[in-house]
Amino acid sequence: MIEKVKFYQERTIDQLLQLENEEGEQEYFVKAPTGSGKTYMQAYLINQLINKYPNCKIIYQSLSKGSLAKQSYESIEKYNFQNIVPYLLTTDKSKEERLTIPTNYNTYFLPRDLNKDKGLLKNPLKDFFTYKTRNDQKFLIIDECHEAHTNIDEYLPFFDRVYGFSATPKKEQLIPGKYIELSEEECEEIQLIKTKKIIHQDEPTYPSIEDKEHLLDWTEKKVLQSLEDFEKIKKDYKDTGVNPALIIQISNKTQGSYQKDKIVEILNSKGILWYYRDKDGYESSDKINELKGVNRHKAWEYVRNNNSNIDVIIFKLAINVGVDIPRACYLLQIRNTQSETLDEQVIGRIRRNPKLLEWYSLNKDKQEKLLIAYVNGVEQQPTRDVKFVRRKQNVFIQTTELINKIPNQLRNIDELNMKKYENQEFDIFQLKEYWDKLDGRIKSSFQNINKKKWIELCINVDLINKQSFNYDYTGNIKKNGDPVGLQEKTFYRIDKDFREIEKWNWENDDKTIKYSFESYAEAHIAEELDKLGLELWGKNFYNKSKIRFEYFLHQKGNILISKQCPDFFVVKNNKKYLIEVKSLKSTNSSSQIDRNDYAEKVNSIKKAYNEISKVTKQIMVVIVEQEEGGWISYVYEDGNETKKYNNEKLDFLKINNY
C-alpha cells in the first residue's frame, strides 16, 4: 500500500521537475487534495533538488507563527532523507544573544507570520539572502500557496525557482505548463483519501434571518440530525482500531458564541465528549481526564489520535489548513463561509485515510466504510474568477537585460557625506543590527576593512542604503536575445476596474468587450487609447508574458534586479511603443509599498526606459498619475525625453511623424 502511494507521490514531483526543464519558468505549482501526502512530496522535491544542486539553500514557508512550520519540519525530518539538513527558523533567543541564521544547513523552515517588516527575523533574513548566501542557488517552497504570502515577495528575485503547493490553488496558478496535479480520482483509486459524500442537500442551509432564536433553533436541528447520522457511522467503525470523530464548524464572533453554547448544552445532555478549539486555546468536556492540566499542543495530540474517546470537535476557522485529523469522517458546517476554497480546505480535514499504514489489516467491507467522508451543510460559493483571452495577431518586441548587475555607483560610497567615527562608545549588538540592515552587495565590496571603517558603515546605514545607488543605466543595458512575441492565450483576474474596449488585439473567450484592469489609472489609460482608434494595440497581460525589461529595484533597503512588464503596447507607422502606467495617488497604488520606495521605483523605470529606447529603437513611455491630480507622460525615443501633460498625455501617438 505505502509503496503504491509513494509511487504516485514521487511521480508527481518527477513530472514537476520534468516540466520545469521544458518550460524554464520561475514559478510552478502542485495541486493535490488534502490527505494526499503533500508533505512527503515536498520532502521528496527537496531531496531531489539537493541531489542536483548540492550547495543550494531551500526556504520552506508555511502559514502561522510557528506551529505549522514546526509540524512540517518534524514530518520531513521523520522521512529520513539523508540529503536534507533542516533548520527551524524561530525568534527564540536570550537577551544576550543576537538573532542570526546559520549557513551550515540546506533547508530552512520559515513560519510566514514571523517574516514581517518589524519582526525580529527581518534583518537576519535580509542578511541571509543578500550577503551570506548571495552566491548559492536558492529555491522557495510555499505551503498552502492559495493563501497570501506577500511578505516573501521582496526576496523572490533571489530564488532560482519557486514551488507552490495547495489543495485549492488560485485559478491563475493553474496555467498549462506551470502546474502538475495529483487528482482526487487518482488518490481515491489508490485509497489514499476518502470519497466525499454530500448529505442532506435538499434541506435549508444557513438561516437568512439572523435573529438569535432562529439561529439557535436551526443549529439545534442540524446538530441533532448529525448526531443521529454519526451514531450509525460509529457502528461501521467498530473493530477497525479507529474511533471516528464528528467535526462541527460554527460561525465567527457573536453568532459562533451562541452556537457553541447551544451545541455544548446538547452534547452535555447526551453525555457526549467534546473538544472546542480556537486561536486562543481550547475547552473540553469536564469528563475527559486525559486533558486535565495539559497544554494546547498536547491536548490536540490526544484529540487527533485514532484511539481518542472524544466524539465531537468544534471549531471556527482553526483547522482549515495544515492540521491532520485522520479519524474525522463527518463534517457539519453551520456557518456561511462564502468561500469555495475555505469549504474545500475544511472538507479536506475529514478525507484522510486513518489506517493508511495498516490498511491490509482490514477486510474489504471495513475498508469501504472507512473510505467515506460525510459532508452535511456545505453550500459552496464561487470564488474570485479569471477570464481567458486570445490574441488576434502576434507582435514582436525586443526585450533587454542589464549588463552589470551591480549598480555603477556602488563603488563610490566614500564620496557620500557620512558621519565620521571619532572613538565614540557604541553598543556592539546595536552596531551588528545596523550591519544586518546594510545591502548585501555593499557588504560584499568590503571584504577586508578595519574596525573604524566597519563602524562608520554601520552608523551610516540608512544614508548608504538610500544614496549609494544612482541607477546609472548608461551603457549598462543590452538586447536580450531575439524579439519575443505575445502569448497566444492568457488571462486576467476579474477585478473592480472594468472598461469596454471596442477594438484591440485581444478577444475574450466569451466574445464580450468588457475587460478588467488592475487599477483605476491603468483602466483610464486603456479607455483613452481605445478612443484613438489605433489599428494595433493591446494590454501586455502579465501571465506568461515574455515582454519584460530588467531594471534596478530599490526596496526596503535592498537593491534588487527586477523585471518590468509594460502595461500596453502600440504599433503605429512601423514604430513600437511600450507604455507603463503608474499612479502616485495613495488610493490607487499598493498600500503595502512604501511611498518613498514606490517613487524611487518609478524614477528607476524612467531612467531604464530612456536607455532601453536607445538600445532597441522602440519608444518607451511612462505615464504617471500625479499625487495632487493630473497626468504626465514621459516619452523616451532614442535616449531623449519629452513630456506631455494632462489632456495631451497621449499626443505622442497623434503625431504622424513622431
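Secondary-structure-derived ellipticity at 222 nm for the chain, considering helices only, amounts to -9000 deg cm²/dmol, per-run term -39500 (n - 2.57) for DSSP H runs with n ≥ 4. Size of region 457-543 from its Cα atoms: along the principal axes, largest to smallest, the extents are 59, 35, 25 Å. Surface composition of the chain: carbon plus sulfur atoms contribute 44% of the solvent-accessible area (1.4 Å probe, protein chains only, all chains present). Projected label points at K546 and E488, each 7 Å from Cα along the beta carbon direction, are separated by 1.3 nanometres.
Apply the Karplus parameterisation 6.51 cos²θ - 1.76 cosθ + 1.60, with θ equal to phi minus 60°, to every residue of region 474-480 and state each ³J(HN,Hα) to the nearest whole Hz, in sequence, with x for glycine and proline. With the stated coefficients, region 474-480 comes to 4, x, 10, 10, 9, 5, 9 Hz.
Heavy atoms of the protein chains alone define the surface here; on that basis the chain has 47 Å² accessible area per residue at 1.4 Å probe size. Measuring nothing but how far apart in sequence close Cα pairs (under 8 Å, 6+ apart) lie, relative to its length, region 100-162 scores a relative contact order of 35 percent.
Here the peptides 82-89, 298-305 are ranked by packing, the mean other Cβ count within 10 Å, and the order with the highest first is 298-305, 82-89. Less than 5 angstrom separates the built amide H of L486 from those of V395, all sequence-distant by 5 or more or on a different chain.
For the chain, the square roots a ≥ b ≥ c of the C-alpha gyration tensor eigenvalues yield an a/c of 1.5 or more together with a/b exceeding b/c, which makes the shape prolate. When the charge dipole of the chain is built from unit charges on Cβ atoms (+1 for Lys and Arg, -1 for Asp and Glu) and taken about the Cα centre, the candidate among S166, Y330, N104 whose Cα reaches farthest toward its positive end is N104. The charge dipole of the chain, taken about its Cα centre with unit charges on the Cβ of Lys, Arg, Asp and Glu (plus for the first two, minus for the last two), comes to roughly 1180 debye. Using θ = phi - 60° in the Karplus curve 6.51 cos²θ - 1.76 cosθ + 1.60, the 3J(HN,Hα) couplings for region 165-177 round to 10, 6, 7, 9, x, 5, 4, 6, 8, 9, 9, x, x Hz; x is entered for Gly and Pro. Computed extension gain for N309 through N295, at 0.36 nm per residue and net of the alpha carbon distance, reaches 3.2 nm.
With a simple spin-label model that places each label point 7 Å from the Cα along the Cα-to-Cβ direction, the separation between D286 and T103 comes to 6.1 nm.
Extension gain for the segment T91 to K234, taken as residue separation times 0.36 nm less the Cα-Cα distance, is 47.1 nm to one decimal.
Using only the Cα atoms of region 1-88, build the gyration tensor, take square roots of its eigenvalues as a ≥ b ≥ c, and label the shape rounded, prolate or oblate: rounded if a/c is under 1.5, else prolate if a/b is larger than b/c, else oblate.
The shape class here is rounded.
The values are calculated or read from the model by the stated rules, or taken from the named source; none is laboratory data. Please read these numbers as outputs of a predicted model, since none were measured by experiment. Backbone-built Cβ (ideal geometry, glycine too); neighbour counts: all protein chains shown. Keep in mind that these areas ignore ligands, DNA and RNA; they rest on the heavy atoms of the full protein, side chains included. Shrake-Rupley method; radii C 1.70, N 1.55, O 1.52, S 1.80 Å.
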